[in-house]
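Structure first, then comments.
The values are calculated or read from the model by the stated rules, or taken from the named source; none is laboratory data. Remember, it's a predicted structure, so these values are computed and weren't measured experimentally. Positions of Cβ are generated from backbone atoms using ideal geometry, with glycine treated the same way; all protein chains shown enter the neighbour counts.
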Amino acid sequence: MKLTTTKDGRSYLVPFLLISSLFFMWGFAHAILEVLNPHLKNLLGLNHANAAWVQVATYAAYFLMAIPAGKIIRRWGYRGGVLTGLVLYGVGALLFLPICVWGAKADNPAMIYPAFVGLLFVIGCGLTCLETSANPYVTVLGEKKSAEQRINLAQSLNGLGWICGPLVGGMFFFGQQTTGNGQETADIASVATPYVIVGVFVLLAALGFKFCKLPEPKEEESQSATVAEPQSYQLRKSRIFVMGVIALFLYVAAQTGVNSNFVAYFIENVGISKGEASLWLSFGGMGLFFVGRLVGSWLMGYIRADKLLLAYAVGATLGTLVIIVCRGWLSMGAFFLVYLCESIMFPTIFSLALRGAEGQTKRASSYLIMTIVGGAVAPMLMGCIADATCVALGFIVPLVCYVVIGGYAAMFRNSNIIS
């Protein structure tokens with residue numbers, strides 16, 4: 001496979017396939033939050049802002065864990081980062097079982113909500129280690145010029161995880177809707193089921209990676225750093241990298257905000273049930289997200305990554321405007337346009353930003369992964385707007401984000417940085 005072959009003819013196809021499987025795991029973990037959020041909101045009587053703590057806990061972990069994850073990778077390599085992430089992810093998921101059993105027996109089930117938030121933080125720490133390891137690792141498994149195409153291909157599996165998350169979550173959370181105290185207890189117990197299944201699977205994957213050797217491609221570290229000007233300072237001087245950090249922060253904020261408000265928007269403005277909305281999110285939104293990454297990876301063989309990113313940013317901006325001002329089936333179509341256009345944004349911005357971090361891939365990756373904390377900001381901000389006005393007006397937040405991302409892509413117009 002040409003994408004995973006270096007100039008000297010060395011093939012990294014097998015490690016590429018192994019590491020790409022991880023992209024599915026964290027895609028699933030993030031996507032199931034989008035149906036867990038409205039489920040807990042109704043089950044525990046939360047408002048929009050309080051329910052947003054589901055996303056806040058997971059994404060805040062990225063900010064706090066990214067630097068330690070980077071140190072783990074520099075000390076024990078990419079494989080060490082992967083193993084740490086899988087163990088944290090698996091243990092955090094399995095702990096949902098005792099918490100849900102406790103909640104089912106409690107007089108006030110709402111008291112277990114902080115415990116849910118805490119476990120999602122643990123899972124978020126595991127996801128941070130996985131993303132800090134896998135994203136930059138994919139970019140170095142082949143020639144530099146094909147890095148954007150390679151990471152978009154790997155991220156396609158992440159898109160598949162985003163399809164399965166709402167589908168599985170909707171099946172367990174919204175499968176049976178009746179009234180009474182018995183249903184409330186059953187709902188609390190149902191929260192544990194998908195997490196326990198995933199936890200077992202993830203820990204088995206950790207066992208597999210423990211006995212699997214991953215090659216460590218060597219990169220040429222920057223030689224211009226001095227005692228007076230360390231590598232971290234060099235990164236801050238790189239305009240491409242710094243603007244990439246800002247653009248990635250805003251992208252994750254936009255994506256998470258759109259996802260977390262999808263079900264609420266469809267109930268309020270399209271008039272469908274939670275179960276139907278979760279299916280539309282899975283097969284419609286996330287399905288196009290998955291297809292968009294596959295198509296985007298193919299298109300990058302013919303179109304420069306920055307130009308494609310600009311076109312997608314314009315499409316997402318127009319789609320979000322329709323979501324804000326229109327209602328009904330037209331706004332549903334706009335949602336699907338946004339998901340299609342979001343598809344290539346994270347991997348493309350990530351890879352373009354690394355172009356401005358010459359020879360410092362592992363260190364730069366830590367800073368880029370920290371930007372995923374943006375996912376903790378938008379749901380809370382959009383929730384506050386929704387509580388004060390309506391869900392639709394909250395989409396002003398992702399609208400601003402897409403405009404800035406388009407500006408970042410336009411920076412490369414006369415640049416030779418990715419030629």
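Here is a yes/no grid of residues against (1) of a type in the set (Asp, Glu); (2) touching a residue at least 24 places away in the same chain (Cβ under 8 Å); (3) surrounded by fewer than 24 Cβ atoms within 10 Å (Cβ to Cβ):
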residue	(1), (2), (3)
VAL322	no, no, yes
CYS326	no, no, yes
PHE336	no, yes, yes
THR348	no, yes, no
VAL373	no, yes, yes
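Pairs under 9 Å by beta carbon, first residue within 14 Å of VAL82 (Cβ to Cβ) and part of a helix (DSSP H, G or I) in the range 18-34, partner of a type in the set (Asp, Glu) and modelled with pLDDT of 85 or more, six or more apart or different chains?
LEU22/GLU131; PHE23/GLU131; TRP26/GLU131
It is to be established whether one or more residues within the range 249-270 are in contact with a helix residue (DSSP H, G or I) (Cβ under 6 Å, 6 or more places away or on another chain), surrounded by fewer than 24 Cβ atoms within 10 Å (Cβ to Cβ) and either closer than 18 Å to MET370 by Cβ or basic (Lys, Arg) (or both).
Yes, there is a match, as at least one residue in the range 249-270 is in contact with a helix residue (DSSP H, G or I) (Cβ under 6 Å, 6 or more places away or on another chain), surrounded by fewer than 24 Cβ atoms within 10 Å (Cβ to Cβ) and either closer than 18 Å to MET370 by Cβ or basic (Lys, Arg) (or both).
Test GLY356 against the criterion of being in contact (Cβ under 8 Å) with a residue 24 or more places away in the chain, closer than 18 Å to ILE151 by Cβ and not basic (Lys, Arg), and give yes or no.
yes
Test each condition in (1) modelled with pLDDT under 80; (2) closer than 16 Å to VAL101 by Cβ for GLY169 and report the one that comes out false.
Single failed check for GLY169: (2).
What residue, of VAL258, VAL322, VAL291, is over 18 Å from the mean Cα position of the chain (by Cα) and among the hydrophobic types (A, V, I, L, M, F, W, C)? Step through it out loud before you land on a result.
Numbers: VAL258 fails: over 18 Å from the mean Cα position of the chain (by Cα); VAL291 fails: over 18 Å from the mean Cα position of the chain (by Cα).
After applying the criteria, what remains is VAL322.
Could you figure out which of (1) in contact (Cβ under 8 Å) with a residue 24 or more places away in the chain; (2) within 15 Å of ILE151 (Cβ to Cβ) isn't true of TRP298?
Answer for TRP298: the failing condition is (1).
Would you mind finding the one in VAL270, VAL242, VAL191, VAL202 that is hydrophobic (A, V, I, L, M, F, W, C), under 21 Å from MET382 (Cβ atoms) and at pLDDT 75 or above?
On the way: VAL242 fails: under 21 Å from MET382 (Cβ atoms); VAL191 fails: under 21 Å from MET382 (Cβ atoms); VAL202 fails: under 21 Å from MET382 (Cβ atoms).
Going through VAL270, VAL242, VAL191, VAL202 in turn, just one is hydrophobic (A, V, I, L, M, F, W, C), under 21 Å from MET382 (Cβ atoms) and at pLDDT 75 or above: VAL270.
Can you go through ALA410, ALA388, ALA392 and tell me which one is over 20 Å from the mean Cα position of the chain (by Cα), over 20 Å from GLY257 (Cα atoms) and modelled with pLDDT of 85 or more?
Going through ALA410, ALA388, ALA392 in turn, just one is over 20 Å from the mean Cα position of the chain (by Cα), over 20 Å from GLY257 (Cα atoms) and modelled with pLDDT of 85 or more: ALA410.
Specify the residue that is modelled with the lowest pLDDT; the eligible residues are those in the range 111-156 that are hydroxyl-bearing (Ser, Thr, Tyr) and over 18 Å from the mean Cα position of the chain (by Cα).
SER146
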